[in-house]
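Reading through the structure tokens given below for one structure.
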Amino acid sequence: MRFADLPGRRVALWGWGRETQSVATKLTEMGVAFDVAVPDQEPGDEAVLRAADVVIKSPGLPITSPLYASLTEAGVAITSLSDLWISENAGRTVAVTGSKGKSTTSAALCHLLVAGGVDASLRGNIGTSVLTETSPPSTVVVMELSSYQAQSLTVSPRVVLLTSLFPEHQTWHGSAEAYYRDKLNSIRRGVEVVAIPDSDLLAARVSEEAPAAEVLRMGPATVRVDDAGDIVWADGTRLTAVEVPVIGRHQVVNVALAAMVAEHLGVERPALLDGIRTFRPLEHRMERVPSSDGRTWIDDSLATAPEAVVASLSALSAEDRVAVLVGGDDRGLDVSPLVDYLAAHPDVIPLFSGPVGRRVAEALPDARVFVSFVEAARWAASAENPASVVLLCPGAPSFDEFASYEHKSAAFREIAATAYPIG
């Protein structure tokens with residue numbers, strides 16, 4: 001469905017978040033009248049939705065809700081800003097989606113395109129509405145696309161980068177397989193090019209969901225990241241790990257994936273190499289933060305799945321002993337990958353708090369469990385901690401103690417900045 005299809009139809013906005021507010025502004029500019037239904041606030045809101053020809057849903061509202069199922073069964077058309085916009089702009093959209101790595105890959109890709117002279121802008125789930133248009137409109141829009149947004153698409157972007165795939169957001173989607181289905185809906189609707197890391201699992205999924213698409217796969221024939229963390233192209237061009245300004249091999253893979261796509265879209269190699277060197281990492285993603293105790297403190301507070309913790313720990317130097325702050329709100333995800341990693345790496349010092357932290361700790365002998373995140377972070381800053389690196393990598397959302405991951409990060413940074421010097 002497109003914005004052009006809305007005039008003359010009864011439109012309702014379901015939810016009043018950032019996306020639906022930007023839709024409201026767009027509809028007002030178009031002269032399209034609309035009603036607003038805010039969940040759990042007004043008794044008449046359900047009637048508003050049922051009376052609509054088209055419901056434009058906020059991405060945060062779960063499709064597992066009884067009302068969503070009821071509206072669908074009643075034949076109410078439910079769409080989203082992402083679907084309305086991509087349906088009209090698929091040809092200039094390069095979407096980045098995946099369980100983790102979306103934001104870094106999106107930001108790196110836009111940076112590399114601009115460095116190569118491409119008129120590109122960055123929008124979507126990274127925090128800027130796709131309706132925030134440049135003037136004149138940019139030739140390429142790099143769009144970070146969440147699973148919530150992908151679920152509603154009826155048209156695929158021309159190019160999709162799929163960074164990773166493991167279970168996430170199961171409460172919203174209903175199950176792990178439903179999450180995969182909704183995430184991969186982004187490539188199911190006529191995508192032309194799909195870019196993936198070197199993964200047989202992803203290659204099989206893409207072949208199944210988008211058999212006609214051109215597949216760009218990282219590897220010896222294109223670009224790869226070697227054991228040293230260098231980015232290496234098929235012709236032997238090499239960018240060493242120290243020239244890539246991100247922490248961790250998994251983040252280097254994200255940058256290399258972005259580079260592979262940027263080159264496919266026409267960016268020449270010299271500009272590409274310069275662009276990688278000048279890329280600046282995003283906040284809260286393996287970000288070094290100021291500290292006063294002589295240790296290295298790293299904020300990876302956006303690592304909210306157990307697999308993401310494993311990836312971040314694996315990316316750090318084996319020469320450094322790491323204390324990792326793990327825990328938060330429990331979404332029922334499988335924590336066995338993290339349990340297995342910690343059991344196999346006894347030199348890592350896990351500091352557990354919150355429901356997820358306690359659940360992981362139950363499977364490990366002699367686990368350190370704290371009553372709160374702040375208490376765990378204060379222990380990390382104390383002389384009792386023998387580690388040289390303190391990593392905030394929760395493996396879970398922060399809502400058990402904090403309003404958001406930013407608030408958790410702020411508490412972490414405050415403790416790092418005031419930690420008593422060691423040694």
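Data for the structure
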| quantity | calculated |
| --- | --- |
| Helices (runs of 4 or more DSSP H) wholly inside the range 154-252 containing at least 2 residues that are open to solvent by 20 Å² or more (accessible area, probe 1.4 Å) and of a type in the set (D, E, K, R) | 176-184, 200-209 |
| Meets criteria (of a type outside the set (Ser, Thr, Tyr) and more than 24 Å from Val141 (Cβ to Cβ)) for Ile63 | yes |
| Among the residues listed as Ala150, Ala95, the single one being under 21 Å from Glu263 (Cβ atoms) and either of a type outside the set (Gly, Ala, Ser) or not in a loop (DSSP other than H, G, I, E, B) (or both) | Ala95 |
| Any hit, the range 212-233, residues being among the acidic types (Asp, Glu) and in contact (Cβ under 8 Å) with a residue 24 or more places away in the chain | no |
| Of residues in the range 359-390 being open to solvent by 70 Å² or more (accessible area, probe 1.4 Å) and part of a loop (DSSP other than H, G, I, E, B), the one nearest to Ala410 (Cα to Cα) | Val371 |
| Residues of the range 391-410 classified as part of a helix (DSSP H, G or I) and surrounded by fewer than 20 Cβ atoms within 10 Å (Cβ to Cβ), total | 3 |
| Residue within the range 17-38 that is within 21 Å of Arg181 (Cβ to Cβ), open to solvent by 40 Å² or more (accessible area, probe 1.4 Å) and outside any loop (DSSP other than H, G, I, E, B) present | no |
| Subset of the range 310-348 [modelled with pLDDT under 95, part of a helix (DSSP H, G or I) and closer than 17 Å to Val389 by Cα] | Val310, Ala311, Ser312, Leu313, Ser314, Ala315 |
| Candidate set from the range 352-396 (those that are in contact with a Phe, Trp or Tyr (Cβ under 9 Å, 6 or more places away or on another chain) and polar (S, T, N, Q)); member that is farthest from Ala318 (Cα to Cα) | Ser353 |
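Matching residues to (1) surrounded by 15 or more Cβ atoms within 10 Å (Cβ to Cβ); (2) assigned to a helix (DSSP H, G or I):
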residue: Tyr68; (1), (2): yes, yes
residue: Thr72; (1), (2): no, yes
residue: Ser82; (1), (2): yes, yes
residue: Ile86; (1), (2): yes, yes
residue: Ala108; (1), (2): yes, yes
residue: Leu113; (1), (2): yes, yes
residue: Val118; (1), (2): yes, no
residue: Ser121; (1), (2): yes, no
residue: Ser135; (1), (2): no, no
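The values are calculated or read from the model by the stated rules, or taken from the named source; none is laboratory data. Keep in mind it's a predicted model, so treat the numbers as computed, not measured. Methodologically, a virtual Cβ is constructed for each residue, glycine included, from the backbone with ideal geometry; neighbour enumeration extends over all protein chains shown. These area figures cover heavy atoms from the full protein model, side chains too; ligands, DNA and RNA do not enter into them. Shrake-Rupley method; radii C 1.70, N 1.55, O 1.52, S 1.80 Å.
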